[in-house]
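Chemist: Attaching a single structure in structure tokens format; questions to follow.
The numbers here are math on the coordinates, done by the rules we state, and not lab data. Remember, it's a predicted structure, so these values are computed and weren't measured experimentally. When we count neighbours, we look across all protein chains shown, and the Cβ atoms used for this are built from the backbone with ideal geometry, even at glycine.
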Amino acid sequence: MSNVHVIEHPLVQHKLTLMRRKDASTASFRRLLNELATLMTYEVTRDMPMQTIDIETPLETTTGRVIDGKKLVFVSILRAGTGILDGMLSVVPGARVGHIGLYRDPKTLTAVEYYFKMPSDMHERDVIIVDPMLATGNSAVAAVDRLKEVRPRSIKFVCLLTCPEGVKAMSEAHPDVPIYTAAIDRQLNEHAYILPGLGDAGDRIFGTK
Ligand code: URA
């Protein structure tokens, strides 16, 4: 599982534990998700390309290194991915944002696309796909399949939680896409929820249950 990066930082683990608790309110779940997304962005952008520019301090001319935020695209898998975006944009405010909407066909159980909107010139951009839960891996694999059609420079996948089934599905379909997560939980249950997990991420973010 060399393409899986588990972010063990104490702040990440602490906030994840608070989010898992069933009595966390919608407001605190959302706030913690925001904070976690910010912290995870540090890890996932660690190897971003940088350029050197000339600048003037109040005392003299010097050079400094900067990233080109416009080259980065955060792609949210609707709807739960939206909950992670604000935290990520707070540290990379120039990043572009794409959206993918997928639903599961009840007969075939395959992921069907209903929305796809990306910035132009994707071949010049590095993509970070965000979805809080990598469970069966069906939507993640379908999202990467679709994104590869527009040929971005690179693709990474960020989630809060995953499980062995999700990691296996993604690693088999897309071994070239690194996965960043705060934890690999034990297993999926018969309804495709992660155990011990944190429940339905979308419902907890938006307070819909
Ligand atoms: N999606 C969720 O929101 N939670 C899970 O446990 C699995 C998929």
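Chemist: Under 10 Å, Cα contacts only: if you run a Gaussian network model on the chain, which one of 107, 70, 22 comes out with the highest mean-square fluctuation?
Modeler: 107
Chemist: Report the antiparallel proportion of the DSSP beta bridges in the chain as a percent, rounded to a multiple of 5.
Modeler: The answer is about 40 percent antiparallel.
Chemist: Test of understanding: what is the full-extension gain from residue 59 to residue 39, defined as 0.36 nm times their sequence separation minus their Cα-Cα distance?
Modeler: The residue 59-residue 39 span can extend by a further 3.9 nm.
Chemist: May I pose another question? Mind checking the full-extension length gain between residue 123 and residue 28? Use 0.36 nm per residue of separation minus the Cα-Cα distance, one decimal, nm.
Modeler: Stretched out fully, the residue 123 to residue 28 stretch lengthens by 30.4 nm.
Chemist: Beyond 24 Å, what share of the Cα-Cα pairs of the chain remains, rounded to the nearest whole percent?
Modeler: That tail contains 41 percent of the Cα-Cα pairs.
Chemist: Further, regarding this structure: Taking the highest mean first, how do the peptides 83-89, 117-123 order by number of other beta carbon atoms within 10 angstrom per residue?
Modeler: Highest-to-lowest ranking by the protection proxy: 83-89, 117-123.
Chemist: If you don't mind, there's one more thing I want to ask. Which lysines have a Cα less than 28 Å from the Cα of residue 71, not counting those fewer than 8 places away in the same chain?
Modeler: Residue 71 reaches 117, 148, 156.
Chemist: Something else now. Where does helix 26-44 land angle-wise versus the long Cα axis of the chain, in degrees 0 to 90, nearest 10?
Modeler: Helix 26-44 and the main axis of the chain meet at about 50 degrees.
Chemist: Alpha carbon centre of region 1-56 versus region 131-202: separation in Å?
Modeler: If you average the Cα positions of each part, the centres end up 16 Å apart.
Chemist: Roughly how tilted is helix 164-173, in degrees to the nearest 10 and between 0 and 90, from the longest Cα axis of the chain?
Modeler: The angle comes out at about 60 degrees.
Chemist: Over the chain, with a Gaussian network built from C-alpha contacts below 10 Å, which listed residue (30, 79, 65) shows the highest mean-square fluctuation?
Modeler: 65
Chemist: With the chain treated as a Gaussian network of Cα nodes joined by springs under 10 Å, which of 41, 17, 62 yields the largest mean-square fluctuation?
Modeler: Per the Cα network of the chain with a 10 Å cutoff, 62 tops the list.
Chemist: Let me ask you something else. Rank-order 153-160, 180-187 by packing density, defined as the average count of other C-beta atoms within 10 Å over each peptide's residues, highest first.
Modeler: Result, highest mean Cβ count within 10 Å first: 153-160, 180-187.
Chemist: I would also like to ask the following. Do you know the relative contact order of region 4-206, to the nearest whole percent, from alpha carbon pairs under 8 angstrom that are 6+ apart?
Modeler: For region 4-206, the relative contact order is 22 percent.
Chemist: Next question. Rounding to the nearest 10 and keeping the result within 0 to 90°, find how far the Cα-based axis of helix 82-91 lies from the longest principal axis of the chain.
Modeler: Around 20 degrees separate the two axes.
Chemist: Can you say what percent of the DSSP beta bridges in region 43-103, counting only those with both residues inside, are antiparallel? Round to 5.
Modeler: Counting only bridges with both partners in region 43-103, antiparallel ones make up about 60 percent.
Chemist: Can you pull the percent of Cα pairs in region 100-170 with separation above 15 Å?
Modeler: Roughly 55 percent, once rounded to a whole number.
Chemist: Bin width 5 Å, origin at 0, all Cα-Cα pairs of region 59-102: what percent of pairs per bin?
Modeler: Whole-percent P(r) values from 0 Å outward: 6, 19, 24, 17, 11, 8, 5, 4, 3, 2, 0.
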